[in-house]
Every structure is written in C-alpha cells, then in structure tokens.
1. For segment 99-178, state which GluC sites (Glu not before Pro) are in a DSSP loop and have at most 14 other beta carbons lying within 10 Å of their beta carbon.
2. Check Gly18: other-chain or 5+ apart residues with amide H under 5 Å from its amide H, H built from backbone geometry?
3. Quick one: Karplus J couplings for segment 77-90, per residue in order, coefficients 6.51, -1.76, 1.60, θ = phi - 60°, nearest Hz, x for Gly and Pro?
4. What does the charge dipole of segment 1-121 about its Cα centre add up to, to the nearest 20 debye, if the Cβ of each Lys and Arg holds +1 and the Cβ of each Asp and Glu holds -1?
5. Could you pull out every residue, at least 5 positions away or on a different chain, whose amide H is within less than 5 Å of the one on Asp76? Hs are placed 1.01 Å off N in the peptide plane, and Pro or chain starts have none.
6. Can you flag which of Lys86/Lys137; Lys2/Lys104; Lys19/Lys165; Lys65/Lys104 are past 31 Å Cα-Cα?
7. Quick check on segment 92-177: take the gyration tensor over C-alpha atoms, sort the square-rooted eigenvalues as a ≥ b ≥ c, and tell me if it's rounded (a/c under 1.5), prolate or oblate.
8. Could you tell me which of rounded, prolate or oblate describes segment 14-96, using a ≥ b ≥ c as the square roots of the eigenvalues of the alpha-carbon gyration tensor, with rounded for a/c under 1.5 and, failing that, prolate when a/b is larger than b/c and oblate otherwise?
Amino acid sequence: MKYLKVNNKELEIVKQLGKGKGGYSYLASDGSRQYVLKQIHHEPCDYYQFGNKLEAEIRDYQRLKNIGIRIPEMIDADRENERILKEYIEGETIYDLLLQDKMKDSYMEQIQEMCRKLYPANTNIDYFPTNFVIQGKEMFYIDFECNDYMEEWNFENWGIKYWSKTPEFLQYVKEHEKEA
C-alpha cells in the first residue's frame with residue numbers, strides 16, 4: 001500500500017483518478033472517509049503557462065467559491081509537498097456519460113447556469129467533460145482551474161465541442177483510448 005501525507009494527515013492512496021496539466025489526482029482514504037489528493041507536478045505543457053501551481057489552485061478555489069460554482073470543498077493544502085486535499089465527489093463524469101449515451105438535458109442546463117455566474121465575474125473554467133461529475137442530479141466542477149474570461153475559451157466557443165459526440169470529442173476519444 002502507498003501512503004502520502006498532507007501536512008500531518010496520512011492517507012492511503014486507493015487509486016489514481018487522473019492526470020491533468022497541473023497534477024495527478026488520487027482517490028485517498030484516512031480509513032473512514034474518501035478524499036481526492038492532488039499532487040502538483042512540474043511536467044511541461046506546450047499549450048498552457050503556469051506560475052506557482054499550488055498557489056494558483058488555492059486562489060482559483062476561492063475565486064470559484066465566491067462566484068458560487070458547485071465545487072468540492074478544499075480541506076487542506078500542503079505547501080511544502082505541493083499537495084491539495086479535497087472532498088471526493090462520487091459519480092460519473094460528463095465524459096463517461098457521453099461515451100455511454102447517457103447525457104441529459106439537465107446537465108447542459110447546469111453548465112449554462114454555471115456560465116451565467118462565471119461570465120459576469122470575468123471568468124472561464126476548463127469546460128472539458130472530464131472535469132464535471134454528476135452526483136445525484138447535481139453537477140460539480142471538480143477541477144479548480146479558472147482564468148480570466150476570453151470569448152475564444154468560453155463554453156459556447158470551446159467547451160461545447162466536447163459536450164456531445166462531435167468530431168472533436170470523437171477524435172479525443174480515439175487518441176486517448178490508446179493510453180488506457
């Protein structure tokens with residue numbers, strides 16, 4: 001078994017959940033509750049520029065919370081080890097639901113509601129469907145990444161391309177099933 005600490009809290013790593021531009025996400029447990037532990041990485045990313053990734057996560061979390069976006073609670077941040085501990089939102093991602101042909105109109109309505117909060121706050125999020133989990137009937141944005149609003153990267157111009165079985169979505173699936 002592998003264990004990682006977030007500050008003084010030791011957690012068992014259950015499995016890797018994913019890898020993003022800024023870090024690896026793991027399902028972790030303290031024996032009574034499950035969490036997501038995000039380990040910041042410093043691997044290069046051709047299409048995105050970072051400053052301090054950990055501080056950006058903390059700042060973005062607060063920004064999204066202030067806007068009123070449904071996100072997991074950030075429980076702890078370990079600056080020394082560059083780790084974040086956050087609430088685990090159990091459910092299927094929009095990406096998985098698309099693959100299973102289980103998309104519902106209410107999910108599209110929920111992302112549009114998020115946009116109605118984000119845009120007046122001059123904010124975009126990463127609209128890629130792996131970043132959204134459905135728990136019950138509610139959709140959560142499980143990433144904390146956000147940026148100042150740019151029309152080119154809003155949901156209507158970029159995100160929507162990946163929220164149905166568009167050529168862009170199917171190309172992504174094809175390229176990434178080789179990695180699975």
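Laboratory data are not the source of any read-out in this text; all were calculated from the coordinates shown. Keep in mind that this is a model prediction, so the values were computed, not measured. Virtual Cβ from ideal backbone geometry, glycine too; neighbours counted across all protein chains shown.
1. Glu156
2. For Gly18, whose amide H was placed from the backbone, the distant partners under 5 Å are Ser25.
3. Each residue's phi maps through the Karplus curve to give 9, 9, 5, 5, 9, 6, 10, 10, 10, 9, 4, 8, 9, 7 Hz.
4. Working: 20 positive and 21 negative charges, 41 e Å.
So the magnitude is around 200 debye.
5. Leu85
6. Distance filter (> 31 Å) returns Lys2/Lys104.
7. oblate
8. Since a/c stays below 1.5, the shape of segment 14-96 is classed as rounded.
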